[in-house]
1. Suppose we filter region 167-215 for residues that are of a type in the set (S, T, Y) and not in a helix (DSSP H, G or I); how many remain?
2. For region 215-239, enumerate the residues that are of a type in the set (S, T, N, Q) and over 18 Å from I252 (Cβ atoms).
3. Could you check how many residues of region 262-293 are farther than 16 Å from V313 by Cβ, assigned to a helix (DSSP H, G or I) and in contact with a strand residue (DSSP E or B) (Cβ under 8 Å, 6 or more places away or on another chain)?
4. Does A108 fit the bill of being of a type in the set (A, V, I, L, M, F, W, C), farther than 27 Å from I6 by Cα and assigned to a loop (DSSP other than H, G, I, E, B)?
5. Of all residues in region 16-66 being among the small types (G, A, S) and in a loop (DSSP other than H, G, I, E, B), which is surrounded by the most Cβ atoms within 10 Å (Cβ to Cβ)?
6. Does G333 count as under 25 Å from A240 (Cβ atoms) and surrounded by fewer than 17 Cβ atoms within 10 Å (Cβ to Cβ)?
7. Across region 71-98, what is the number of residues that are in contact with a Ser or Thr (Cβ under 9 Å, 6 or more places away or on another chain) and among the hydroxyl-bearing types (S, T, Y)?
8. Across region 17-42, what is the number of residues that are small (G, A, S) and out of contact with any Asp or Glu (no Cβ under 7 Å at 6 or more places or on another chain)?
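The values are calculated or read from the model by the stated rules, or taken from the named source; none is laboratory data. Here the structure is a predicted model, which is why all the values come from computation and not from measurement. As a convention, Cβ positions derive from the backbone with ideal geometry for all residues, glycine included, and neighbour counts pool all protein chains shown.
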Amino acid sequence: MSTTAITAAVVEGAGATFEIGPAELGEAQADEVRVRIIASGICHTDLLIREGTFPTPMPVVLGHEGAGVVEEVGAAVTGVSVGDRVALSYGSCGDCRSCATGRPFYCADFFPRNFLATRADGTTALSRDGRPLHSHFFGQSSFATGAIVNQRSVTPIADDVPFEVVAPFGCGVQTGAGTVINALRPQAGSSIAIFGAGGVGLPAVMAAVICGCDPIIVVDVRQSRLDLARELGATHTIDASQADPVEAIREITGGGADATIEACGVPGVLRQAVDALAPDSICALVGAPPLGTEEAIDVNGLLSTGRIVRGVVEGHSVPQFFIPQLIDLWRAGRFPIDRLIRAYDFDQINEAGDAALAGDVVKPVLRMG
C-alpha cells in the first residue's frame with residue numbers, strides 16, 4: 001500500500017504535549033477522501049482528550065475542525081471531487097435508525113467513530129516509522145497536513161470562504177449556533193440565558209441574535225468574555241464570581257428564562273442553568289465535563305414546573321446542510337465568527353492550546369502552511 005508523507009502533531013500519552021513531526025498517511029478506502037489540511041480549529045475537546053479524560057487510545061493525532069482541499073477520492077465517493085475545497089466534521093455510520101432519519105448527531109455508533117480514533121473496522125490511516133498512530137478522531141484527525149476522511153464527514157465549500165474562518169464550523173461553532181437554531185428554536189422575543197462565553201457559548205449568542213431573542217443573558221467569570229458577548233449582541237451579562245446567576249436571571253426575566261444553555265462543562269453549572277428556567281422551559285446541556293460526572297437536580301422542581309433538560313450533540317447539525325447556512329449568514333454580516341478567531345502557525349500548536357486553556361483566546365485556528 002502506498003503512503004503519503006505528511007507532518008502531524010502527535011500526542012504520545014495522557015498529559016503529553018503535541019509533538020510535531022513526520023508521519024505517513026495511507027490510501028483512502030472506497031468511501032473515503034484524502035484531504036490536504038489547510039487550517040484546523042482547536043476545540044476544548046481536543047485539549048481534554050490530550051489530558052486523558054476520555055478513553056481515546058494513544059498515540060493519536062487529534063483535531064476535529066479541519067478544512068482543506070481534496071486530493072484523492074475513493075471509488076464509492078459521490079458529491080465531492082479532487083480539487084474541491086471542503087470543511088470537515090464529525091463521523092457517523094449512515095446506517096442506524098438515527099442516521100437514516102436525518103439525525104447523524106445521535107448515531108448509534110457515535111462514540112466509537114469519534115472518540116476511539118480508528119475506522120469502523122479498527123484500522124488506522126496513520127503511521128510513523130512503521131508504528132501505527134490512531135487516526136479518524138471525530139472522523140478526521142486534522143492536526144496534520146493531510147487526513148483520510150469518510151465522505152460523510154465532508155462538506156464542500158465555495159471559493160470565497162477562508163479556510164481559517166470555516167474550519168471551526170465543524171464542531172464548536174455549529175454546536176453553539178445549532179443548539180439555538182436547530183434544537184431550541186426560540187421564538188422572537190423569548191428570553192435565553194447562556195452559561196459560558198467560549199467557543200460554543202459565543203456562537204450561541206450570535207444565533208440568539210439571529211433568532212430575535214430578547215433578553216439575551218450571558219454568564220461567565222471572565223470580564224473580557226462578558227464584554228465580547230455584549231459586543232456580539234448580549235443584552236445582559238452576569239459575572240458569576242460576583243453575583244448569583246440564578247437570582248440575577250430571574251430578576252432580569254421576571255421569573256426565569258424561556259431557555260438556557262449550559263455551554264461550559266463545569267460541574268455545578270447545569271444545576272444553575274436548570275434552576276434559572278421559567279416553568280415549562282428547556283435547558284440544553286452542551287458542555288462536556290469529564291466522564292462519570294454526575295449532577296444533583298431537584299427532581300420535584302422538575303416535576304412541578306415541567307422544566308426539561310436535554311442533551312444536545314453537535315447542535316443537532318447535519319453539516320452538509322447547516323455549515324452552508326452558517327456561511328450564508330457569515331457572508332451577510334450576521335454571523336461575525338471572525339471576532340472569535342486568532343490564527344497560529346502549525347508549529348505554535350502548544351502555545352495555541354495553552355492560550356485557549358488560559359482563556360486568552362476564544363478560538364485558536366492553526367494554519368498548516
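1. In the first step, residues of region 167-215 are kept if they are of a type in the set (S, T, Y); the result is 175, 179, 190-191.
Among the residues that remain, those that are also not in a helix (DSSP H, G or I) are: 190-191.
Of the residues in region 167-215, 2 are of a type in the set (S, T, Y) and not in a helix (DSSP H, G or I).
2. Filtering region 215-239 down to residues of a type in the set (S, T, N, Q) leaves 223-224, 235, 237.
Those that are of a type in the set (S, T, N, Q) and over 18 Å from I252 (Cβ atoms): Q223, S224.
3. So the count comes out to 4.
4. Values: of a type in the set (A, V, I, L, M, F, W, C): yes; farther than 27 Å from I6 by Cα: yes; assigned to a loop (DSSP other than H, G, I, E, B): yes.
Taking the combined requirement at face value, the residue satisfies it.
5. Here is the first cut: in region 16-66, the residues among the small types (G, A, S) are 16, 21, 23, 26, 28, 30, 39-41, 52, 63, 66.
Next, only the ones that are in a loop (DSSP other than H, G, I, E, B) stay: 16, 26, 28, 30, 52, 63.
Numbers: A16: 14, G26: 19, A28: 22, A30: 10, G52: 15, G63: 28.
If we take residues in region 16-66 being among the small types (G, A, S) and in a loop (DSSP other than H, G, I, E, B), then G63 is surrounded by the most Cβ atoms within 10 Å (Cβ to Cβ).
6. Numbers: under 25 Å from A240 (Cβ atoms): no; surrounded by fewer than 17 Cβ atoms within 10 Å (Cβ to Cβ): yes.
The answer is no for G333.
7. 4
8. We begin by selecting, within region 17-42, every residue small (G, A, S); these are 21, 23, 26, 28, 30, 39-41.
Of the ones still in play, those that are also out of contact with any Asp or Glu (no Cβ under 7 Å at 6 or more places or on another chain) are 21, 23, 26, 30.
Looking only at that region, the number is 4.
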